[in-house]
Amino acid sequence: MKTIQTQVAIIGAGPSGLLLGQLLARKGISNIILERKTGDYVLGRIRAGILEQGFADLVREAGVAERMDAEGHVHEGVELVVNGERTRIDLKELTGGDVVVCYGQVEITQDLMEARQAASLETYYEADKVQPHDVKSDKPYVTFEHQGEEYRLDCDFVAGCDGFHGVSRQTIPEEVRTEFERVYPFGWLGMLADTPPCHDELIYAKSEYGFALASQRSATRSRYYLQVPLTDKIEDWSDEAFWDELKKRLPAEIAENVVTGPSIEKSIAPLRSFVCEPMQYGNLFLVGDAAHIVPPTGAKGLNLAASDVATLYKILTRVYETGDRRYIEQYSDIALRRVWNGERFSWWMTNMMHDFGEEVSNGGIDAQMFGRFMKSEFNYYLNSENGRKVIAEQYVGLPYEDLNEY
Ligand code: RFL
Ligand code: PHB
């Protein structure tokens, strides 16, 4: 077995692992990333598109913001549509200046991968059988196989950035873990197309046919989503069927602007809310999707991953720069505060904007009554400035947690 060493072993080269690695490296903290798949495979996953202000600032701090700042689109508002009635949430005005940046997860991941390569930081792609060990001790290590050879990676800390299906969360003994989960009775069918977006800002639309989202990646690339039953398969949805359904769900004057074309990618994602507590076990820290999942309705998945990264980065920087280890044990509590807020907002937006059909949900409330509550909810929030302010504040994202407050 070959033995190698680093200060922080990072499992997973998704956006969480890559961003953490980049930030730590800039502070002189060594790290090695172990990724199960190839780089190309990771870049093939079309996912999020909206970055909160805090995330964009963190990307700048990591020194990889050049393309984001040149090509990302600043969005000062977002539209919520309920049964054809449009309400614009003026993010900038309602929050006193905050905005979001429209820039894809694929692009940010690519920028981070290129920066990592340029800095000659070590990444083992196609690492097999990755397994953390002795994470409760001060000498944890990770074993894995790479190109037929067995490795042992000695380290001070292990960052589990390996997504929902990763090995890190499973390393925390079951009796120590509590998992909270809500699986929704529908999924999102996403489509990417090289056609100009139908609107200059995002539109979240609830209609009698179900939910639709009009998003974008650039002036020539659009991204759309439709709420679909969990039983639907990709093969059920031709491009033509997708465009027809989308137009039915958007307000007529927006539907007129939809430019159709062949899809580049189509996929169905189930919707779930999930949180694992605690988010750490000894010197193993869970980051991003490894610890929590949100339904995409609030655009919070990737953003919550980024705030976990920010918290862990600040804690580890203190350890290595000043020897201050006081926050290590508090990572989980600090991260979970913001995570639960994002979970609550995503759950609330999902409840408000989707058609739940006959599902009796949410504490056993009758489906009809639940529908009435949600109707009343958006009537109130969309028609009151205070209500719109609440949505705006959450959509741009709450400030990152400050270690000095703990
Ligand atoms: P990722 O991106 O899942 O990356 C984890 C990485 O770890 C690797 N891995 C392992 N490596 C080594 N050993 C193992 N045993 C491993 N197991 C796994 C994986 O190959 C992978 O490369 O997690 P990360 O970095 O925490 O990033 C989180 C974001 O990807 C995620 O929050 C968002 O993409 C969520 N999400 C969306 N968020 C939004 O804000 N807006 C969206 O529109 C949106 N759409 C989505 C999404 C997530 C989806 N998933 C998870 C299926 C659409 C989908 C389909
Ligand atoms: C996307 O562009 O992929 C996107 C944007 C906002 C969301 C979800 C997905 O809430």
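The values are calculated or read from the model by the stated rules, or taken from the named source; none is laboratory data. Computed from a predicted structure; not experimentally measured. Using ideal geometry, Cβ is built from the backbone for each residue, glycine included, and neighbour counts are taken over all protein chains shown.
Considering only the range 41-50, I want to know if a residue exists there that is over 23 Å from residue 193 (Cα atoms) and either modelled with pLDDT of 95 or more or within 15 Å of ligand 2 (Cβ to nearest atom) (or both). Taking every residue of the range 41-50 in turn, none turns out to be over 23 Å from residue 193 (Cα atoms) and either modelled with pLDDT of 95 or more or within 15 Å of ligand 2 (Cβ to nearest atom) (or both).
Can you tell me which residues in the range 217-230 are more than 10 Å from ligand 2 (Cβ to nearest atom) and in contact with a Pro (Cβ under 7 Å, 6 or more places away or on another chain)? Across the range 217-230, the qualifying residues are 219, 220, 230. State all residues of the range 286-309 that are farther than 24 Å from residue 391 by Cβ, assigned to a loop (DSSP other than H, G, I, E, B) and near ligand 1 (Cβ under 7 Å from one of its atoms); if no residue qualifies, say none. The answer is 287, and nothing else. Here residue 307 passes the criteria (1) free of Cβ contacts under 8 Å to residues at least 40 places away in the same chain; (2) crowded, with 24+ Cβ neighbours inside 10 Å except the one numbered (1). Apart from one condition, residue 225 fits all of (1) part of a loop (DSSP other than H, G, I, E, B); (2) closer than 22 Å to residue 266 by Cβ; the exception is (1). For the range 136-168, the tally of residues that are in contact with a strand residue (DSSP E or B) (Cβ under 6 Å, 6 or more places away or on another chain), away from ligand 1 (no atom under 11 Å from the Cβ) and part of a loop (DSSP other than H, G, I, E, B) stands at 2.
Sub-9 Å Cβ pairs linking a first residue in the range 40-54 that is more than 18 Å from residue 216 (Cα to Cα) to a second residue that is among the aromatic types (Phe, Trp, Tyr) and near ligand 1 (Cβ under 10 Å from one of its atoms), at least 6 apart or interchain, are 41/125; 42/125, ordered by first then second residue. Hey, does the range 199-220 have a residue that's under 26 Å from the mean Cα position of the chain (by Cα), within 19 Å of residue 87 (Cα to Cα) and among the aromatic types (Phe, Trp, Tyr)? Yes; the residues of the range 199-220 include at least one that is under 26 Å from the mean Cα position of the chain (by Cα), within 19 Å of residue 87 (Cα to Cα) and among the aromatic types (Phe, Trp, Tyr).
Scanning the range 371-402 for residues being touching a Phe, Trp or Tyr at 6+ places or on another chain (Cβ under 9 Å), surrounded by fewer than 17 Cβ atoms within 10 Å (Cβ to Cβ) and within 17 Å of residue 93 (Cβ to Cβ) gives a total of 1.
Regarding residue 192, is this residue within 16 Å of ligand 1 (Cβ to nearest atom), over 22 Å from residue 45 (Cα atoms) and touching a residue at least 12 places away in the same chain (Cβ under 8 Å)? I'd like the intermediate steps shown before the answer.
On the way: within 16 Å of ligand 1 (Cβ to nearest atom): yes; over 22 Å from residue 45 (Cα atoms): no; touching a residue at least 12 places away in the same chain (Cβ under 8 Å): yes.
The answer is no for residue 192.
Restricting 56, 62, 48 to those that are crowded, with 17+ Cβ neighbours inside 10 Å and within 15 Å of residue 163 (Cα to Cα) reduces the list to 48.
For the list (1) free of Cβ contacts under 8 Å to residues at least 40 places away in the same chain; (2) farther than 25 Å from residue 395 by Cα, I need the number of the one condition that residue 248 fails. Residue 248 satisfies every listed condition except (1).
Residues considered: 291, 205, 214. Of these, the only one that is surrounded by 14 or more Cβ atoms within 10 Å (Cβ to Cβ), modelled with pLDDT of 95 or more, on the phi < 0 side of the Ramachandran plot and more than 16 Å from ligand 2 (Cβ to nearest atom) is 291. Residue 36 meets all of the listed conditions (1) buried (at least 24 other Cβ atoms within 10 Å of the Cβ); (2) more than 23 Å from residue 319 (Cβ to Cβ) but one, namely (1). A single entry from 306, 335, 367 fulfils the requirement of being away from ligand 2 (no atom under 16 Å from the Cβ), among the aliphatic types (A, V, I, L, M) and closer than 28 Å to residue 163 by Cβ: 335. With a requirement of 2 or more residues that are within 16 Å of ligand 1 (Cβ to nearest atom), the helices (runs of 4 or more DSSP H) lying completely within the range 17-127 that satisfy it span 39-43, 53-61, 105-118.
Would you check if there is a residue in the range 200-210 being basic (Lys, Arg) and either within 30 Å of residue 49 (Cα to Cα) or touching a Lys or Arg at 6+ places or on another chain (Cβ under 7 Å) (or both)? Scanning the range 200-210 turns up at least one residue that is basic (Lys, Arg) and either within 30 Å of residue 49 (Cα to Cα) or touching a Lys or Arg at 6+ places or on another chain (Cβ under 7 Å) (or both). Somewhere in the range 276-285, is a residue under 25 Å from residue 351 (Cβ atoms), more than 16 Å from ligand 2 (Cβ to nearest atom) and among the hydroxyl-bearing types (Ser, Thr, Tyr)? No - not one qualifying residue is present in the range 276-285.
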